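Working notes for the structure below.
Bear in mind that the values in this text are calculations on the coordinates, not laboratory data. Only a predicted model underlies this, so the values are computations on that prediction, with no experimental measurement involved. Positions of Cβ are generated from backbone atoms using ideal geometry, with glycine treated the same way; all protein chains shown enter the neighbour counts.
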Amino acid sequence: MPYPYVLLSAAVSLDGFLDDTGPERLLLSSRADFDRVDEVRASVDAILVGAGTIRADNPRLLVNSPERRAVRIAEGRSAYPLKVTVSGSGELDPAAHFWHTGGDKAVYTTDKGAARARGLGLAADVVALGPDLDWRALLEHLHDVRGVRRLMVEGGGTVHTQLLRQGLADELQLVLAPLFVGDPDAPRLFGPGGYQGGRLRLLETRAVGDVVLMRYEPTAPGTGRLPSAADRHWLWLACQLAALCPPSRTAFSVGAVVVAADGTELARGHSREGGDPVVHAEEAALAKLDPADPRLPGATVYSSLEPCARRASRPAPCARLILDAGVRRVVTAWREPDTFVTGADGTGLLAANGVDVVVLAEHEKAAQAPNRHLLG
Ligand SMILES: NC(=O)c1ccc[n+]([C@@H]2O[C@H](COP(=O)([O-])OP(=O)(O)OC[C@H]3O[C@@H](n4cnc5c(N)ncnc54)[C@H](OP(=O)(O)O)[C@@H]3O)[C@@H](O)[C@H]2O)c1
């Protein structure tokens with residue numbers, strides 16, 4: 001199921017705190033940065049905060065600029081994004097600004113929390129997700145039922161930590177503010193636990209007044225059949241690589257990337273690269289790696305088209321090359337049509353041999369784009 005694009009937004013002190021322990025909210029952003037945040041809010045379909053942030057900060061979470069609201073309306077959107085909160089307990093203050101400002105509101109909670117929240121008479125859609133709060137179910141509901149395509153998450157640390165650790169964050173927008181908190185009891189942005197092992201990808205740095213904005217993209221593939229936000233990004237890259245293929249009337253244009261479990265790119269390739277008229281994308285990428293590379297069993301192969309199961313041009317199809325390389329996870333956008341081979345089923349061959357294959361059909365059109373001339 002597709003999820004919204006999830007953008008985590010936070011400001012931290014130089015010593016990594018989200019707030020101090022005083023009764024007032026600590027203002028970390030500069031005036032210019034509050035305006036940047038307003039611009040980001042105006043660009044999204046929904047803004048989410050945890051119930052802890054409503055209790056601590058009593059935020060309004062509005063698009064403050066009348067011009068930005070006017071643009072949203074002119075585009076056929078609501079003046080304000082949907083406001084969303086998550087609560088396990090359902091213990092929410094009905095007098096909080098959150099409920100009395102802006103547009104539509106939604107509470108995602110547990111069965112128990114819903115019983116309590118519904119008794120509060122909140123002007124909000126209360127959605128029970130079962131005995132526990134499942135973030136994937138929440139994102140699916142926002143996408144499918146509320147039509148949310150871009151979600152901005154404005155904290156706090158408990159919420160950010162879960163979304164990042166579960167591989168559900170597409171982007172992190174972090175602002176570093178030039179002040180110290182110095183109180184060990186103050187809340188931190190990210191709590192302890194298991195994060196992706198490798199480095200995130202830096203997308204941008206920008207000075208905004210006296211703070212610095214850093215935008216990062218997580219890179220770690222998902223595990224098993226569960227997709228991560230980074231899977232979508234890598235598969236998108238594979239689809240872009242397909243556009244580099246020399247044109248052909250007798251073979252597909254395909255891109256492939258091999259990525260280690262910690263998010264390190266190991267190799268990439270595309271069909272017919274390097275003057276080889278028959279090489280396939282996955283074959284070209286795997287050929288750049290030492291077959292004894294210990295990262296291969298934990299790696300994911302991203303291929304814009306599912307790996308081939310049969311081919312005339314070489315003895316081994318790509319599905320076999322992937323199995324021989326010891327790779328146990330493949331993410332693809334497009335199942336192979338009958339254009340050249342009838343009933344090709346690389347996915348079936350891989351799955352029958354214990355490989356987890358994830359098909360992200362949301363990228364199918366991008367995978368097909370360089371092959372339109374073959375599809376009739
Ligand atoms: N600097 C910044 O950019 C920034 C932005 C936002 C917030 N903050 C700061 O962050 C602090 C608040 O952070 P926080 O971590 O305490 O709170 P939070 O992340 O805003 O909210 C945590 C609450 O959300 C609910 N929740 C989250 N995940 C859940 C799950 N998986 N299942 C059930 N319920 C879940 C629970 O609500 P229930 O307790 O109702 O069960 C939980 O107590 C405040 O000090 C605030 O000032 C700073």
Ascending count of other beta-carbon atoms within 10 Å, so fewest first, for Ile73, Ile322: Ile73, Ile322
Lysines with Cα under 30 Å of Lys83, excluding same-chain neighbours fewer than 8 positions away: Lys105, Lys112
Which of Val257, Gly182, Thr332, positive extreme of dipole for the chain (C-beta unit charges): Thr332
Cα centroid separation - the range 226-300 against the range 67-139, whole Å: 41 Å
Lys/Arg +1, Asp/Glu -1 at C-beta; the chain dipole; positive extreme among Cys245, Pro4, Leu235: Cys245
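With +1 assigned to the C-beta of every Lys and Arg and -1 to the C-beta of every Asp and Glu, and no other charges, what is the dipole magnitude of the chain about the Cα centre in debye, to the nearest 20?
Working: 41 positive and 46 negative charges, 163 e Å.
Value, rounded to 20: 780 debye.
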Protection proxy ranking of 355-363, 271-279 - average other beta-carbon atoms within 10 Å, highest first: 355-363, 271-279
Computed magnitude of the charge dipole of the range 60-131 (debye, nearest 20; Cβ of K, R +1, Cβ of D, E -1): 120 debye
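Given the DSSP H assignment, sum -39500 (n - 2.57) over each helix run of at least 4 residues in the chain and divide by its residue total; what's the result at 222 nm in deg cm²/dmol, nearest 500? Mind dumping the intermediate values first?
Working: 13 runs with 104 residues, N = 376.
Mean residue ellipticity, 222 nm, calculated: -7500 deg cm²/dmol.
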Ranking of Leu27, Leu120, Leu235, Leu7 by count of other Cβ atoms within 10 Å, fewest first: Leu27, Leu120, Leu7, Leu235
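Where does each of Phe252, Phe340 land when they are ranked from fewest to most other beta-carbon atoms within 10 angstrom? Intermediate results must be reported in sequence, preceding the final value.
Working: Phe252 24, Phe340 15.
In increasing order of surrounding Cβ atoms, one gets Phe340, Phe252.
What does the C-alpha gyration tensor say about the overall shape of the range 229-375? Classify as rounded when a/c is under 1.5, otherwise prolate if a/b is larger than b/c, or oblate.
Details: a/c = 1.35, a/b = 1.28, b/c = 1.05.
Rounded shape, in that the Cα axes give a/c under 1.5.
Find, to one decimal place in angstroms, the Kirkwood hydrodynamic radius of the chain, where the mean of 1/r is taken over every pair of different Cα atoms and then inverted. Write down the numbers at each step before the final one.
Details: mean 1/r = 0.0442 Å⁻¹.
Final number for the Kirkwood radius of the chain is 22.6 Å.
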Highest-first arrangement of 43-54, 127-138, 291-302, where packing means the average Cβ count within 10 Å: 43-54, 291-302, 127-138
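Mind checking the full-extension length gain between Tyr195 and Thr339? Use 0.36 nm per residue of separation minus the Cα-Cα distance, one decimal, nm.
Numbers: separation 144, 0.36 × 144 = 51.84 nm, distance 4.23 nm.
Contour length minus Cα-Cα distance gives 47.6 nm.
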Within the range 324-340, backbone nitrogen closer than 12 Å to the virtual label 7 Å beyond the Cα of Ala361 toward Cβ: 334-335
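If you take every DSSP beta bridge whose two residues both sit in the range 229-375, what share of them, in percent to the nearest 5, is antiparallel?
Details: 9 of 18 bridges.
Around 50 percent antiparallel, to the nearest 5.
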Dipole in debye (nearest 20) - the range 5-217, about Cα centre, beta carbon charges: Lys, Arg +1; Asp, Glu -1: 440 debye
Listed residues Leu244, Leu172, Leu164, most fluctuating in the chain (Gaussian network, C-alpha, under 10 Å): Leu244
Charge context of Leu172, other residues only, Cβ under 12 angstrom, K/R +1, D/E -1: -2
